[in-house]
Amino acid sequence: MPAGFLPRWSRRDMATAAIAFAGTVSAVGAYGAISAHEARLPRISVLGAGSHLALLITDGPARLLLAAGDDTTAFGNAWAASLPPLLRRVDVLYCSPLPADAPVVEKATRDLSYRHRQVLRATDTIVGPSQPGTWSEQVRLSGSIIVTVSASVLASTNGETIRPIWAAEVSHNATRVVTLSEPGAASLLGDLTASALVLQEGDPREAVALVDAPALVSTVASKTLRQRLSSHLDRPLWHIRVFAGEVARLTFVPDGLRLPSTAIKIHPPDPSDGVSPRLSPSAITGQPGSP
């Protein structure tokens, strides 16, 4: 081909190219608009970050991240899947005080841009036996979501510190989602009822016995564990297992909370045999646990 030679396009070729280009631009624009809309919904995105769970709370333009977890790669993958690339910013960053969560806390602190950062650390003063000092803070996002975080320490009968605990409450109108670092952190809650309970670690049976919630989110739930959990139920319970690197979205809707399609419904034991639980996967709309 001679130097400087350019192929000559026919009008049909130019029209086809223009249509293809316009279609690509439209598709990219539509995808971006949908992603931006999804990112503004009042929602809790539960991020699989190893043995524990990180929480991204979105409400309009506001973003709040509660960093926890021991697997930085899993957290990075879940974080990348939780928001569009141009919207991955954080207004408030809360950090779990548990030593096991240090890897993800350090990564989030180092890599993310945020306006306010707070470690969920209890006060250092023990005010009496089994009554450690408690730190608490409340944040209102874009008008519809209120987040309340609390931290303290479990203490022995003689007042010696055992380990830190924390709890987070996310309220949207009459719907409330509670997160506990372990079942004992329920002592930090004023109200022990919720639409969903997110448990970081510990026995789910103990947590469900303490907090009345029709939905449970955790990192581990084998069939055997679900069977053991079923034996403690007097009504159905939705369970969502969040795998490392994945995201489970709890979306606030006018009549309650919409759970992801990965939710499994655990039924109490069948009276006919007294033992076997029934598990049924289902997409959920409206208030979880409702008929």
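Quick note: the coordinates plus some simple rules give every number you see, no bench work behind them. Remember, predicted model here, so these are calculated numbers, not experimental data. Cβ: placed from backbone, ideal geometry, glycine included. Neighbour counts: every protein chain shown.
What does the charge count near Leu259 come to, summing +1 for each Lys or Arg and -1 for each Asp or Glu among other residues with Cβ under 14 Å from its Cβ? All intermediate terms of the calculation are to be shown ahead of the outcome.
Working: positive: Arg43, Arg241, Arg249, Arg258, Lys265; negative: Asp255.
Residues close to Leu259 contribute a combined charge of +4.
Give me the one-decimal nm value for the distance between modelled label points at Leu192 and Ser144, 7 Å along each residue's Cα-to-Cβ direction.
3.2
Report the extension gain between Ala174 and Arg40 in nm, rounded to one decimal, defined as 0.36 nm multiplied by the number of residues separating them, less their alpha carbon distance.
Values: separation 134, 0.36 × 134 = 48.24 nm, distance 1.97 nm.
Value of the extension gain: 46.3 nm.
Tell me the label-point distance for the pair Glu137, Leu87, using the 7 Å Cα-to-Cβ offset, in nm and rounded to one decimal.
Here the answer is 2.5 nm between the modelled labels.
Classify region 40-281 as rounded, prolate or oblate from the Cα gyration tensor: take a ≥ b ≥ c as the square roots of its eigenvalues, call it rounded if a/c is under 1.5, otherwise prolate when a/b beats b/c and oblate if not. Write out the running numbers ahead of the final one.
Values: a/c = 1.60, a/b = 1.16, b/c = 1.38.
Oblate, because a/c is 1.5 or more while a/b does not exceed b/c.
Give me the net charge for the shell around Leu141: Cβ to Cβ below 15 angstrom, other residues only, Lys and Arg +1, Asp and Glu -1. Walk me through the numbers on the way to the answer.
Working: positive: Arg40, Arg43, Arg63, Arg89, Arg115, Arg140, Arg176; negative: Asp59, Asp91, Glu137, Glu169.
Combined, the nearby Lys, Arg, Asp and Glu give +3.
Ordered by packing density, taken as the mean number of other Cβ atoms within 10 Å over each peptide's residues, highest first, how do 80-90, 48-58, 177-187 rank?
Numbers: 80-90: 15.0, 48-58: 24.6, 177-187: 22.4.
Output ranking for 80-90, 48-58, 177-187: 48-58, 177-187, 80-90.
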